[in-house]
Amino acid sequence: MPRITYVNGAYVPHHEAAVHVEDRGHQFADAVYEVVAVAGGRLCHLDQHLDRLERSLGALSMAAPVSRRVLPVILARVVKLNRVTHGLVYVQISRGVAPRNHFFPADTAPSLVVSAWPVKGPSAEQVEKGVAVATRPDQRWKRPDIKAVGLLPNLLARQWAKEAGAYEAWLVNDGGFVTEGSATNAFIIAKDGALLTHPDDSSILGGVTRSNVLRLARHLGLEVVERAFTVAEALSAREAFLTGTTLMVLPVTRVDGQTVGEGRPGPVTLKLRALYQELRRK
Ligand code: PDD
């Protein structure tokens, strides 16, 4: 079965799927994106992803290439054509193709690319043992709340973390507070049992998984405090974890080589992971 990708109105074989060299996404990273999970062939939390996509487009004064009603039809078709039952759909919208110039082009149609592929998620071992994170300075621009494709600081941090033997990088701002991961949101269960995570402001990407997990945590009766925590607080925390579309809720058991809590996934993290998995199944 050939892999099919959507590019500007056409469903084409993946190896032929291409945008023009003067696409502004290619030349300027003048583009936004979304990654939506597919579970049981269905698109998970689609409305929340579409809300965030609209916010990203609005923040950059970028036009939507198709209406909010049509986009889900394209996504569902790409999922179906590729027979993805568990995996991801990637949506990218750029400001379109125009001769290279910093000014926004007038009357240029935005480009839309949609692709899908199967993804397994973290291994059983990663869930059972938890993963390591390594801290890095947060070197991103001041609007990471916009889901824009310019991800170089994220890539550099994540690659560095990998080379340091960690699964994810936790980005630390100039005040010494953890903002989030390079591609995930960051949480701890503090010494007093409260769940802490950076507030959803302009210095983090407001994760769809983050907001759903916070709702589950409140429903569970946990004290949820949306305030940034320091690396020292993470090191003395009872538990820590990451959230994101691909990994859902993933326990963190080491920060910068030091053990967090008892060094194994904590009960609150595992409970939230189970509840979130249940939510996905629904
Ligand atoms: N990453 N923070 C950052 C910087 C991210 O890039 C992501 C998502 C998240 C988690 O958001 P969500 O729960 O909505 O997936 C947090 C996507 C998956 C990516 O770039 O591949």
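For the reader, a short list of remarks on this structure follows.
- Taking the listed residues Ala109, Ala148, Ala116, Ala194, the one that is out of contact with any Leu (no Cβ under 6 Å at 6 or more places or on another chain), under 19 Å from Leu242 (Cα atoms) and not basic (Lys, Arg) is Ala194, with no other qualifying.
- From Gly221, Gly165, Gly181, residue being out of contact with any Cys (no Cβ under 7 Å at 6 or more places or on another chain) and free of Cβ contacts under 8 Å to residues at least 24 places away in the same chain: Gly221
- Criterion (modelled with pLDDT of 95 or more and either part of a strand (DSSP E or B) or away from the ligand (no atom under 15 Å from the Cβ) (or both)) met by exactly one of His15, His49: His15
- A single member of Leu81, Leu112 is outside the structural domain of Ala240 (by TED's automatic domain parsing) and under 22 Å from the mean Cα position of the chain (by Cα), and it is Leu112.
- Only residues that are open to solvent by less than 10 Å² (accessible area, probe 1.4 Å) and either part of a helix (DSSP H, G or I) or modelled with pLDDT under 95 (or both) were counted in region 248-282, giving 3.
- Only listed residue being surrounded by 19 or more Cβ atoms within 10 Å (Cβ to Cβ) and either of a type in the set (D, E, K, R) or within 13 Å of the ligand (Cβ to nearest atom) (or both), chosen from Val89, Val79: Val89
- Filtering region 120-151 to residues that are among the aliphatic types (A, V, I, L, M) and open to solvent by 50 Å² or more (accessible area, probe 1.4 Å) leaves Ala124, Leu151.
- Segments classed as helices (runs of 4 or more DSSP H), wholly inside region 152-247, with at least 2 members that are under 16 Å from Val133 (Cβ atoms) and open to solvent by 10 Å² or more (accessible area, probe 1.4 Å): 152-163, 231-235
- Residues (at positive phi and not charged (D, E, K, R)) located in region 88-107: Gly96
- Residue selected from region 11-52 under the condition under 15 Å from the mean Cα position of the chain (by Cα) and farther than 17 Å from Asn212 by Cα, by the criterion surrounded by the fewest Cβ atoms within 10 Å (Cβ to Cβ): Tyr33
- Selection status of Trp160, away from the ligand (no atom under 11 Å from the Cβ) and closer than 22 Å to Pro199 by Cα: no
The values are calculated or read from the model by the stated rules, or taken from the named source; none is laboratory data. Since the structure is predicted, the reported quantities are computational estimates derived from the model, not experimental observations. FYI the Cβ positions are ideal-geometry reconstructions off the backbone, even for glycines, and counts take in every protein chain you see. Areas reflect the complete protein model, heavy atoms only, side chains present, ligands, DNA and RNA absent. Shrake-Rupley method; radii C 1.70, N 1.55, O 1.52, S 1.80 Å.
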